[in-house]
Amino acid sequence: MKLTRQDQILKMIVETFIKTCEPVGSNTLLETYGLDYSSATIRNEMKALEERGLIEKTHTSSGRVPSSKGYRYYVENLRDHSLDDEFKYQIQQIFADQSKSIDEILTQSCEILSEMTSLASAVLGPNTNEESLISLQIIPINDKTITAIFVTDKGYVENKTYALKESINIDSLVNCVKIIEERIKGTKIQDLMEKVEALKPIIQDYLLDSSLVYQFIMEAFVKFASARVNFYGQDKLLERPEYRQDLAKLKKMVSALHSPDIIKEIYDQSRHEDDINVYGEDDDLTIITSKLHLPGVGQGHIALLGPSRIDYDRVLSAIDYLNETLDHYFDERSELTWKKKNSNKKYKKKRI
């Protein structure tokens, strides 16, 4: 589709600003793109774009920069959907080794994504409302140390090691936890603490000091209930001039990287929207999420975090390509696993 002159100028402004991090004026566009429009014509179009709220004037220059609305318009209507072959090659190399675990694949994919985009990447686990506890165990390490292990039906594992008080008997603790497990196995994560609270009398019958039991169940519950986020490439953000030059913006980004509430809000919102979504209302923080379907686990997300001034064409094309490749890979692995499980049955049937 042929772009209007106004759209062409907006596209040039966005892409020039992405590259230079400097406000863009009419003379810059004339020199950079060799346009056959006059400087006055470009200024008129820029004024119209400003009136539409797609670009805005800075305080330090006569040039213009894209607004949040302008970035969204660019993403939805103007980007080229291009992706370099080097990124494709690096991603394909990850999937060449069939022995890798899902965690290894996701980690390496996100590391490459961060390297290519100079953004922080993240994997968000499935929503805890869809999960139930299937195992709660205590493993004695020695007479003074134990490890508590929690497992959900989506394959999420949480473990923590504790030093015991001398007053706690390990055998009594292990037996107590076994009884608790029998009664809470299959409980939805969101109902876990209420169920454990109802078991207080039983726990106290086994242990005079039951605080440790509540402690490790509560700690696991808090982690289960918060958004599960694994970050990669946070150091790449330090390469962004926005954060090198503005400490306040850097602090805001660091706060987002350490705030489950912010990530969880994005997660909950994007569960009901398109496969790829872009969020961000200011220059300080933009989050791009892509739905991720994990076999046997459910829906999670891959996310990229950075300033609004990013190469949206390259970034969105990359995350889209990665998402498609992951889906294809996991579908193939699921089909292969099914064939292996059923191969003996088919063989026996033929022999009969």
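Ordering M253, M12, M218 by accessible surface, largest first, gives M218, M12, M253; the 1.4 Å probe counts only protein heavy atoms, with every chain in place.
Multiplying the residue separation of T161 and T58 by 0.36 nm and removing their Cα-Cα distance gives an extension gain of 31.7 nm. Peptide packing for 62-69, 107-114 was compared via the average number of neighbouring C-beta atoms within 10 Å per residue; ordered from the highest value, the list is 107-114, 62-69.
Approximating the spin labels as points 7 Å out from Cα along Cα→Cβ, the N27-to-S99 distance works out to 6.3 nm. Residue ranking by accessible heavy-atom surface, 1.4 Å probe, largest first, among R314, R43, R5 comes out as R43, R5, R314.
Just by accessible area at a 1.4 angstrom probe, what is the order of D36, D235, D191, D327 from largest to smallest?
My answer, sorted largest first, is D36, D235, D191, D327.
So which of K154/K200; K188/K252; K160/K195; K47/K252; K2/K69 end up more than 23 Å apart, counting from Cα to Cα?
Result: K154/K200; K188/K252; K47/K252 exceed 23 Å.
Here Y214 sits with roughly 40 square angstrom of accessible surface, probe radius 1.4 Å. Just the protein heavy atoms count here, and of the accessible area of the range 58-115 at 1.4 Å, carbon and sulfur take up 44 percent.
The values are calculated or read from the model by the stated rules, or taken from the named source; none is laboratory data. Small disclaimer: the values here were computed from a predicted structure and weren't measured. Heads up, the Cβs are rebuilt from the backbone with ideal geometry, glycines too, and the neighbour counts pull from every protein chain shown. Ligands, DNA and RNA are stripped out before the accessible areas are found, and what is left, the full protein with its side chains, is counted by its heavy atoms. Shrake-Rupley method; radii C 1.70, N 1.55, O 1.52, S 1.80 Å.
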